[in-house]
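I have placed the structure first, in the form of structure tokens, so that the comments after it can refer back to it.
The numbers here are math on the coordinates, done by the rules we state, and not lab data. Quick caveat: nothing in here was measured; it's all calculated off a predicted structure. With ideal geometry, Cβ positions are generated from the backbone for all residues, glycine too; neighbour counts draw on all protein chains shown.
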Amino acid sequence: MQFDIQQMLADLGGAANVARSIKVGRSVPYGWLRRNFVSSVYLSKIKEEWPTLDLDQYFKKEDAHAEERDA
């Protein structure tokens, strides 16, 4: 499974809005995108700011054939 960070940020008003809301530097969410990783510490902060956010909706099944097509 893959976590769709880009969609989550878009749904929450963009990287700058998320950074401001969880009180981190504006570059932090862009780092998540670059590394394709968000730590549980930041996910907890996001849930504190948006308690009704369903993080499960951002887990996407990986396409097993994507790497073969891209090669």
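Measure off 7 Å from each Cα along the Cα-to-Cβ vector at Ser21 and Lys45, then give the distance between these two points in nanometres to one decimal.
1.3
Could you check the simple spin-label distance between Leu55 and Phe37, using points 7 Å along Cα→Cβ, in nm with one decimal?
1.6
Return the label of the correct value of P(r) over Cα pairs in 10 Å bins from 0, in percent, as calculated from the structure shown, out of (i) 17, 29, 26, 16, 10, 2; (ii) 18, 52, 20, 9, 0; (iii) 16, 23, 18, 15, 13, 15, 1.
Among (i) 17, 29, 26, 16, 10, 2; (ii) 18, 52, 20, 9, 0; (iii) 16, 23, 18, 15, 13, 15, 1, the one derived from this structure is (ii).
Pop a pseudo-label 7 angstrom from the Cα along the beta-carbon direction at both Val28 and Ala10 and give the gap in nm to one decimal.
Taking the two extended label points, one gets 2.3 nm.
Any chance you could give the angle, 0 to 90 degrees and rounded to 10, that helix 40-49 forms with the longest Cα principal axis of the chain?
50
For Asp4, what residues show an amide H to amide H distance below 5 Å, using hydrogens built from the backbone and excluding near sequence neighbours?
HN-HN under 5 Å from Asp4: Phe59, Lys60.
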